[in-house]
Amino acid sequence: MSDAADDDDDRPAKKLVPGSRLAMLAAGGLPLAFLDGGTGLGLGAAALFDAALVAAAALEARALARRAPEVERRMDSRLVVGVENRITVHLRNPDARAIRVTVRDDLPPGWEADPPELSLELPGHARRELSYTVVPPKRGRFRFGSLHLKLEGTARLGASIVKVPASADARVFPNVLGPRRYELAARLGDLAAEGFRAIRKAGGGGEFEQLREYVSGDAYRDLDWKSTAKRQRPVTRVFEQERSQTVLLAIDAGRMMATRLGRISKLDHAINAALLLGWVALRKGDRVGLVVFGDQVHQFVAPGRGQAQYRKILDALYAIEAEDTFVDFRRLVEFVQIRQRKRALLVMFSDLLDEAHAMPLAEHAALLRRRHLAVCVTMHDPVAERLADAPVEDAKAAYMRAAAADLLAEREHVKAHLQKSGVQLVEAPPGELAVATVNRYLAIKARHSL
């Protein structure tokens, strides 16, 4: 399917082309040209035969253009980055005659369809649907263009290509399918199967503080049956040890986060982990906010509770891209000090690969430590780790191994400085980053570190 998504006009464009059988049948006139015995009659007969075929093809193509099927593209309102998304094409034949249809879609630049074209026999007055999948390479807003139909009739002498205006915007979001899987696991009481550590459940052992709606995983002994009967929905007693706290997600959108790890970038891995942490924290009754920063603060969502807060955070993140700028941790710290005066868990998603990039965080961590608990979440660099352990076969390999080893040593130096400055660290491979981050949050909650 084409990658050129253009703006459509209001009317379908039609083009007449040869059918799939025309060339083969036209070749059938060649024997006539060789059997004329020098009289020229065979050549004339062949020309007349081919002319009749071309005329028939033109008539068939024009008829097909007049009875083109109705076509509509349907897709989810929110597509997901880095995974397969299904796009469906609906067709309806308003004519009594069957028609063969091949569909090609105009995709946003850089997108690929699987399969690139869709074909089917569409009976008279029938409705059919076809589908293909796309894997959006990045988040944001994109635009689909026209739908292109190649139509062939029974004879397949002539064909018609019809361009149907079908411009549509598509919004590509972070991978939020993960939290749905965790929610299902929570309902089944099997979070451990998803990689979460077992922790003591909140409730029961403290002083009664308030009532709130039941959340999957709450102990049945903490249900307040009187309030449940009155409100017609489960209500849980919340004890003092489970009081609401504030979690502030801070995501680095600087140049270091643009590096791709697999299908998606470091920034996307960080966003996926932040969304899962935010989802879990909101389910725990905490207030969750968001800061996206680089050389300045680009986005801020004030801390809040509930499902509506999760949607606010998701809407703020879906179009964020890494920018070719340095990261100013001083501005982040100053912003947090002004906007978040009460104690909070500040979870910063950043890349510590470069010392010049990360050391300023250690320098300003003392200001954070006075009021907040800071946690820095970062990813292992699989390329550097692989090169540092690679066998040395020539001078180039030796140089690359030494450079990778120096880079990893620099990273360890940065991590040591951060820990001395009071910043906790979460470091994991990209695919395990989300679970590792949530586990640290759950451990902090269990220890009442806030």
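In the range 297-450, inverting the average of 1/r over every pair of distinct C-alpha atoms gives 17.5 Å as the Kirkwood radius.
Rank these for me by crowding, Leu211, Leu261, going from fewest to most other beta carbons within 10 Å.
Leu211, Leu261
Once the dipole of the range 68-180 is set up with Lys and Arg at +1 and Asp and Glu at -1 on Cβ about the Cα centre, which of Ala96, Pro165, Gly82 lies farthest towards its positive end? So the residue we want is Gly82. Counting beta carbons within 10 Å around each of Ile99, Ile161 and listing the fewest first gives the order Ile161, Ile99.
Here the simple spin-label model places points 7 Å from the Cα toward Cβ, and for Leu211 and Val83 these points are separated by 3.7 nm. With only the Cα atoms considered, the range 304-385 has a convex hull volume of 135 Å³ per residue. Here the range 222-298 and the range 78-118 have alpha carbon centers that stand 36 Å from each other.
Note on Ile338, Ile271: ascending count of other Cβ atoms within 10 Å places them as Ile338, Ile271, the fewest first. Please compute, over every Cα-Cα pair in the range 361-450, the percentage with a separation greater than 16 angstrom. Above the 16 Å cut-off, the range 361-450 has 64 percent of its Cα pairs.
All of the numbers you see were taken from the coordinates with simple rules; none came from a lab. Predicted model only: the values in this text are computed from it and were never measured. Virtual Cβ from ideal backbone geometry, glycine too; neighbours counted across all protein chains shown.
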